[in-house]
Amino acid sequence: MNATSTTAAAGLRNGAAWVAHALEAEGVDTIFGYPGGAIMPFYDALVDSGLRHILVRHEQGAALAANGYARASGKVGVCVATSGPGASNLVTGIADALLDSVPMVCITGQVATPLLGTDAFQELDVFGMTMPIVKHSFLVRKVEDLPQVLAEAFRLAREGRPGPVLIDLPKDVQVGSATHLPAHVPATVDPEPVPAEAALAEAIAAIASAEKPVIYGGGGIGIADAVDEFRQFVEATRIPTVLTLRGLGALPGNHPQFLGMLGMHGTRAANIAVQESDLLIVVGARFDDRATGKLPEFAPFARVIHLDADAYEISKLRTADIALPGDVTSGLRALAGARAYAASNAQDDWRQRCAKNREKHAARYDAPGQEIYAPALLKRLSELVPDAVIACDVGQHQMWVAQHCRFSHPRNHLTSGALGTMGFGLPAAMGAQFACPERPVVLVSGDGSFMMNVQELVTVARCKLPVKMILLDNSSLGMVRQWQELFFDKRYSEIDLSDNPDFGALARVCGIPATRIEKRAEVEDALAALLASPGPGLLHVAIDARANVWPLVPPNTANSTMLESNPNEQKAESTHALPA
C-alpha cells in the first residue's frame, strides 16, 4: 500500500480527498477524465468518494463530454486530466466552452511545486497556456488555498456569462494533509442586475411604435434559463422572431411567429425580415458574423434594442440605440408585462407579410431520385423523437440539423457554435446521456467529424449508453468541398474521404450494433429500428457526395444575397438542392 492509500486508510484527509469532497458539496455527481502520474492522488481519493468517474479514451473526449453534460443539464461540467499532454489535450474542449459560454471546471494535475519551472517530466505551463480560453485559471500552491480556489472556481463558472475555469493542482498539494481544512461550502452566486427602468420604458415605447419589428434571439436565452420568459414576450407582442444557431429551441419550431434561423444558412424568410425591419429586439445574441453576414449591410433600416447579461456584448459590433444590460429573465418579464403593445394596422400587415414569406420559402422535401435526402431524413428523425437531445458535429450535417430538426428547448440542441469543433458530437452526446439518463439522446455526425473522436465508441459501449448515432457519410469533407466548388473554382484540395473505414464494422468491433442504408425507401424502417433498440446503435447513412447545404449567403455579402444553387452552373449539379 502506498503512502497516499495508507493516509486514506488511517482516516487522514489529504488535499486530493478534500477536493473530491468539495466537488460533491458543489452538487457534482459525474466527472469525466483520464488518469496519469501527476493526478494520481486525486484518482486514489475517488475510490472513497461518491463521485461517478467516466473513463474516456482521450482527454479531449473528457473535456467535450463535460461540455455536453453542462449544455444538456445547465449544471457545471467537470473534467480531469494529468499534467503535460493530458492537460494540453483538454484545450480544445475548454476553448469550445469559453466561446459558447458553457460552465465547466477543469482540474489538471501538475508537478510538485518545487519542480515548477524546471522542465520536469510532463510539466507544462497550463496556467499560462489556458489563460486566453478560460474565465479564470488557478495554480494552487498550498493546501490552505483549496477552500477559496474551489469556491471561486465554481462561482466564476456559474456567475454572469458562464464559462470554463481551470484548477492546476500540483502533486504535493494533493498529498498534503488537509485534516485542518473546514468542510467545503459553495460560494453564493450574485444575481444579475435588473435592466434600468428608464431604458425599459424607452424600449417598450419603441416596440409599440415600430412598424416592422423583429425579435432576434440567441444562445443567451437558454444560458439565462429565460426560455419561458422569452416565449411570453413573443406571445405578448406577436412580433416575428428569428433565432441564431445557438438560440434554436427558444421558440418551438411550429410557433406562428417563428421565421427560422437567420444568417449564412438561415431561412430566406428570416433573413428577408431582418433586412427589412425597422426595429431589432436583440435578446442574448452577439451579432456573430455567421448570423449577420456583411455587418455594415445587416438590418440597414433598423434601430436596435439589445438585452444581454454580458454588458460588453452590447454595442460591441452594432451600436445599440437602447441598451438593456443585466438579467435577461427580469428584462423580458418587464417587456412582456408592459401591455403597451396595441394592435396596429402596420404591424398586422408586417406579420402577415412575414408569415407569407415563411410559407412561400419553406423547405421542400420532395427531391427526386432514390438516394437518401439528408434534410428529409433529419426532419423525420425530429418528428419521431420530438423531445430528444440531439448532439451534432460540425459541417454540412450540422447545418441540416439546424435547418430541418425542431427543438423544444435550447438544451435539446447541442452544437459547437462559435469554435466549430469537429469531433464535438460523440463525446457531447455521451455527456448529455449521463446528464439526462431518461431522455433519448441522438448523435448526428458526418464521416469527417466522426473520425476525430471515434475512440469514444468504446466508452459508449463500456458504459452501455443508449446513444443513437446517425452517421451521414458523403465520403468527403462536405462543407469544405462545397466552398471549394462555389468559391474556389472547383479546385478540390484534400477533401476526398472515399477510403473511409467500414463504419458499421468499426461500431460492431466496439460492441455496438450497426446498420447501413443507401436508399430513401429504407429510411423509415431504419430510423424506427434504431430508436426502438434498447442500447446504443449506429445507423450508417450513405448520401450523395455532391449534395450542398442551401440556402447559403456567400462570404462578405449581405444576408439578402442568398444562393439556392451554384450560380456558375446552368442548373443545379445535385438534385438535392433546396428550391428557391
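The values are calculated or read from the model by the stated rules, or taken from the named source; none is laboratory data. Please read all numbers here as calculations on a predicted model, not as lab measurements. FYI the Cβ positions are ideal-geometry reconstructions off the backbone, even for glycines, and counts take in every protein chain you see.
A few comments on the model shown:
- Within the stretch 338-361, the residues that satisfy the criterion of being in a loop (DSSP other than H, G, I, E, B), touching a residue at least 40 places away in the same chain (Cβ under 8 Å) and small (G, A, S) are A338, A340, A342, S344.
- Residue in the stretch 247-259 that is out of contact with any Ser or Thr (no Cβ under 7 Å at 6 or more places or on another chain), among the aromatic types (F, W, Y) and either buried (at least 18 other Cβ atoms within 10 Å of the Cβ) or assigned by TED's automatic domain parsing to the domain that holds L295 (or both) present: no
- L426 vs. criteria in a loop (DSSP other than H, G, I, E, B) and at pLDDT 95 or above: no
- With respect to being in contact (Cβ under 8 Å) with a residue 40 or more places away in the chain and buried (at least 22 other Cβ atoms within 10 Å of the Cβ), V385 falls outside the description.
- Residues that are small (G, A, S) and either closer than 14 Å to A87 by Cβ or touching a residue at least 12 places away in the same chain (Cβ under 8 Å) (or both), drawn from the stretch 109-152: G109, A112, A120, G128, S137, A151
- Meets criteria (at pLDDT below 95, aliphatic (A, V, I, L, M) and buried (at least 17 other Cβ atoms within 10 Å of the Cβ)) for M479: no
- With respect to the conditions (1) closer than 25 Å to N89 by Cα; (2) aliphatic (A, V, I, L, M); (3) surrounded by fewer than 24 Cβ atoms within 10 Å (Cβ to Cβ), M469 lacks only one, and its number is (3).
To keep it simple, each residue is scored yes or no on (1) more than 17 Å from A291 (Cβ to Cβ); (2) within 21 Å of the chain's Cα centre (by Cα); (3) surrounded by fewer than 21 Cβ atoms within 10 Å (Cβ to Cβ).
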| residue | (1), (2), (3) |
| --- | --- |
| V214 | no, no, no |
| D228 | yes, yes, yes |
| V242 | no, yes, no |
| A270 | no, no, no |
| A273 | no, no, no |
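- Here T421 does not fit the description of being modelled with pLDDT of 95 or more, among the polar types (S, T, N, Q), assigned to a helix (DSSP H, G or I) and more than 19 Å from R546 (Cα to Cα).
- The stretch 326-337: number of residues that are crowded, with 18+ Cβ neighbours inside 10 Å, outside any helix (DSSP H, G or I) and on the phi < 0 side of the Ramachandran plot: 1
- Among the residues here, R380 does not qualify as surrounded by fewer than 20 Cβ atoms within 10 Å (Cβ to Cβ), assigned by TED's automatic domain parsing to the domain that holds G222 and not small (G, A, S).
- Just one residue in the set G417, G423, G395, G446 is within 30 Å of A210 (Cβ to Cβ) and not assigned by TED's automatic domain parsing to the domain that holds A206; that residue is G417.
- Candidates are the residues of the stretch 514-559 that are surrounded by fewer than 17 Cβ atoms within 10 Å (Cβ to Cβ) and of a type in the set (S, T, N, Q); the one that is modelled with the lowest pLDDT is N556.
- Yes/no for E192 being closer than 30 Å to M261 by Cβ, outside the structural domain of I281 (by TED's automatic domain parsing) and free of Cβ contacts under 8 Å to residues at least 40 places away in the same chain: no
- Residue tally, condition touching a residue at least 12 places away in the same chain (Cβ under 8 Å) and assigned to a helix (DSSP H, G or I), over the stretch 202-231: 15
- Any hit, the stretch 454-475, residues being without any contact (Cβ under 8 Å) to a residue 12 or more places away in the chain and among the hydrophobic types (A, V, I, L, M, F, W, C): no
- Number of the exception - L116 against (1) at pLDDT below 95; (2) within 29 Å of G247 (Cα to Cα); (3) not aromatic (F, W, Y): (2)
- Exactly one residue out of F154, F121 is closer than 30 Å to G218 by Cβ and either assigned by TED's automatic domain parsing to the domain that holds L23 or part of a strand (DSSP E or B) (or both), and it is F154.
- A count restricted to the stretch 130-171 and to residues that are touching a helix residue (DSSP H, G or I) at 6+ places or on another chain (Cβ under 7 Å) and either modelled with pLDDT under 95 or of a type in the set (D, E, K, R) (or both) stands at 5.
- Residues satisfying the stated conditions in the stretch 295-320, i.e. in a loop (DSSP other than H, G, I, E, B), surrounded by fewer than 16 Cβ atoms within 10 Å (Cβ to Cβ) and within 26 Å of the chain's Cα centre (by Cα): S315, K316, L317
- Pairs, first assigned by TED's automatic domain parsing to the domain that holds V442 and at positive phi in the stretch 505-529, second part of a helix (DSSP H, G or I) and hydrophobic (A, V, I, L, M, F, W, C), C-beta under 7 Å, six or more apart: G511/A461
- Residue check, P191 in a loop (DSSP other than H, G, I, E, B) and modelled with pLDDT of 95 or more: no
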